[in-house]
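The structure under discussion appears below in the form of structure tokens.
The values are calculated or read from the model by the stated rules, or taken from the named source; none is laboratory data. Just so we're clear, the structure is a prediction, and the values are computed from it rather than from any experiment. Neighbour counts run over all protein chains shown; Cβ positions are idealised from the backbone, glycine included. Areas reflect the complete protein model, heavy atoms only, side chains present, ligands, DNA and RNA absent. Shrake-Rupley method; radii C 1.70, N 1.55, O 1.52, S 1.80 Å.
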Amino acid sequence: MGFEFDNMNNTIILDVLREIGNIGAGNAATSLAKMIDKKIDMKVPVVKLLDFDQVPELLGGPENVVCGIFFKIEGDMTGSIMFVLDQKSAFNLVDLLMPRENADFDEFTVSALKEIGNILAGSYISSLSGLTNLKIKISIPALSIDMAGAILSVPAIHFGQLSDNVMIIQNEFIEVLEAKSVDGYFFLIPDLDSYEILLGSLGVTL
Amino acid sequence: MSTMVKVGMADLKVVSHPDALTTLGLGSCVGICLYDATTKVTGMAHIMLPSSKAIRKNENVAKFADTAIVELIDQMEKLGARKSRFVAKIAGGAQMFSFTSQNDSMKIGERNAEAVREILKNMGIPIKADDTGGNFGRTIEFYSENGKLIIKTAGKGIKEI
């Protein structure tokens with residue numbers, strides 16, 4: 001394997017992944033705005049490498065209950081993509097689509113979150129596909145509502161095979177009229193043998 | 001006064017009586033708890049992967065089941081514990097997301113738990129309690145006073161093993 005994840009800070013590779021993050025997140029915001037037919041502002045996504053222990057802190061600590069929506073990536077490159085929200089952001093996101101009576105992860109909320117996650121991750125992956133000319137698609141979503149540490153162990157373990165860091169793409173969407181804010185985190189997790197395919201398709205030689 | 005010492009992800013810690021150990025929000029990782037009832041020396045590791053062998057970046061011994069268990073035994077013996085008296089309790093190894101068509105990378109929790117059992121068996125350390133698998137996260141607390149392991153979940157209650 002010619003790929004060294006931990007040396008990325010000083011290389012062009014992190015910039016490339018950051019750019020993929022920016023464009024993917026921009027497309028995801030546009031899709032969200034179309035879906036709810038409201039104006040959505042998006043803060044510039046923050047792409048960073050974090051230590052394992054820092055990641056759950058972003059979501060209120062390892063025991064804080066959060067929502068993770070997970071997809072497998074299939075096609076020319078393989079891996080997975082996960083979208084994680086804390087409870088408040090998850091409820092705000094569903095409320096944008098359709099106001100609900102109780103703040104709970106009931107059946108409606110869970111299926112709405114799966115559907116929104118599907119559209120966000122789908123537009124992210126389609127922009128990645130457009131940039132790289134790789135034929136890729138996402139699986140049906142799997143959703144889990146549980147402790148942040150437990151949900152984030154999934155990307156941490158995948159990245160852990162390469163590194164002591166996790167790459168995280170932080171996105172904030174703000175619905176302009178009601179100023180409802182949704183803070184979401186994407187984890188793009190290529191399988192080990194797909195890093196070369198992904199970066200090679202963007203002209204980065206390892 | 002006893003202190004509750006926190007063990008992070010890919011981390012391990014050893015304490016003496018009366019201190020206790022905890023790790024928060026275990027998912028597919030496995031918490032390995034070792035105890036010597038005579039000296040009350042207590043150890044905990046929070047491992048992420050089964051084996052350091054196929055991984056090039058493997059300096060952090062606490063990240064892998066094989067190297068973490070060796071290091072834990074070593075540190076506990078330095079505090080006066082004896083390996084022949086050790087008993088183990090393990091928890092975690094969940095599968096947080098499931099799909100109908102499973103590939104190996106999704107079953108990492110199961111593989112972690114399996115590797116831990118195998119290594120402990122080879123080391124001759126009996127497993128007194130095993131709370132692994134399922135699709136939910138766990139916070140664990142391990143007490144040097146009596147080797148009790150408390151397992152907390154989000155929505156599935158608290159139990160003692």
- Can you tell me the accessible area per residue over the stretch A:63-206, all protein chains present, probe 1.4 angstrom, in square angstrom? 36 Å²
- Task: In whole angstrom, note down how far apart the Cα centers of the stretch A:151-206 and the stretch B:1-57 are.
- Result: 28 Å
- Query: Roughly how big is chain A's charge dipole about its Cα centre, with Cβ charges of +1 (Lys, Arg) and -1 (Asp, Glu), in debye to the nearest 20?
  - Reply: 640 debye
- Note on the structure: The local net charge around A:K135, scoring Lys/Arg +1 and Asp/Glu -1 for residues other than A:K135 whose Cβ lies under 10 Å from its Cβ, equals -1
- Note on the structure: Residue span A:D37 to A:R100: 0.36 nm per residue of separation minus Cα-Cα distance leaves a gain in nm of 20.9 nm
- Query: From the square roots a ≥ b ≥ c of the eigenvalues of the alpha-carbon gyration tensor of chain B, which class results: rounded (a/c under 1.5), prolate (a/b over b/c), or oblate?
  - Reply: oblate
- What ranking do B:77-86, B:111-120 get when scored by the average of other Cβ atoms within 10 Å per residue, highest first? B:111-120, B:77-86
- Query: For the pair B:I150 and A:N133, how long in nm is the line joining their label points, each one 7 Å along Cα→Cβ?
  - Reply: 6.0 nm
- With a 1.4 Å probe and every protein chain kept in, tell me what percent of the accessible surface of the stretch B:4-160 is carbon plus sulfur. 49 percent
- Message: So for each of B:42-48, A:83-89, A:94-100 I average, over its residues, the number of other beta carbons within 10 Å; can you give me the resulting order with the highest mean first?
- Response: B:42-48, A:83-89, A:94-100
- Treating cross-link reach as a plain straight distance, find the aspartates and glutamates whose alpha-carbon is under 17 Å from the alpha-carbon of B:K159, omitting any fewer than eight places away in the same chain. A:E63, B:D130, B:D131, B:E141
- Message: Nearest 500 deg cm²/dmol is fine: what mean residue ellipticity at 222 nm does chain A get from its DSSP H runs of n ≥ 4 alone, each adding -39,500 (n - 2.57), divided by its residue count?
- Response: -13500 deg cm²/dmol
- Note on the structure: Note on chain A: helices (DSSP H) long enough, at least 30 Å by alpha carbon along their axis, and hydrophobic enough, mean Kyte-Doolittle at least 0.0, are A:12-36, A:107-132
- Task: For the stretch A:151-169, list whatever residues lose no less than 30 Å² of accessible surface once every protein chain is in place, relative to that chain by itself, with the probe at 1.4 Å.
- Result: A:S153, A:V154, A:I157, A:H158, A:G160, A:Q161, A:D164
- Message: Using a loss threshold of 30 Å², tell me which positions in the stretch A:53-81 are less accessible in the complex than in their chain alone. Probe radius 1.4 Å, ligands and nucleic acids ignored.
- Response: A:D53, A:P62, A:E63, A:F70, A:K72
- Cα-only Debye scattering, chain A: base-10 log of I(q)/I(0) at q = 0.09, 0.13, 0.16, 0.19 Å⁻¹: -0.32, -0.68, -1.04, -1.46
- Item | Peptide B:92-99 - average C-beta neighbours from other chains (10 Å radius) | 6
- Can you pull the one-decimal nm distance between simple spin-label points at B:S84 and B:T38, each 7 Å off the Cα toward Cβ? 0.7 nm
- Roughly how much accessible area, to the nearest 100 Å², goes out of reach of solvent when B and A pair up, both sides summed, probe 1.4 Å? 2600 Å²
- Message: I'd like the distance separating the alpha-carbon centroids of the stretch B:118-161 and the stretch A:78-129, in whole Å.
- Response: 33 Å
- Message: I'd like the Karplus ³J(HN,Hα) series for the stretch B:135-147: coefficients 6.51, -1.76, 1.60, θ = phi - 60°, whole numbers in Hz, and an x wherever there's a Gly or Pro.
- Response: 10, 9, x, 9, 9, 10, 10, 10, 9, 5, 4, 9, x
- Query: For the protein assembly as shown, what is the largest minus smallest coordinate of the Cα atoms on each principal axis, given in angstrom and ordered from greatest to least?
  - Reply: 67, 52, 36
- Query: Per-residue HN-Hα couplings for the stretch A:189-203, Karplus 6.51 cos²θ - 1.76 cosθ + 1.60 at θ = phi - 60°, whole Hz, x for Gly and Pro?
  - Reply: 10, x, 5, 3, 7, 9, 4, 5, 5, 5, 6, x, 5, 9, x
- Message: Expected output is a single nm value to one decimal: the length gained when fully extending between A:V204 and A:I119, i.e. 0.36 nm times separation in residues minus the C-alpha distance. What is it?
- Response: 27.7 nm
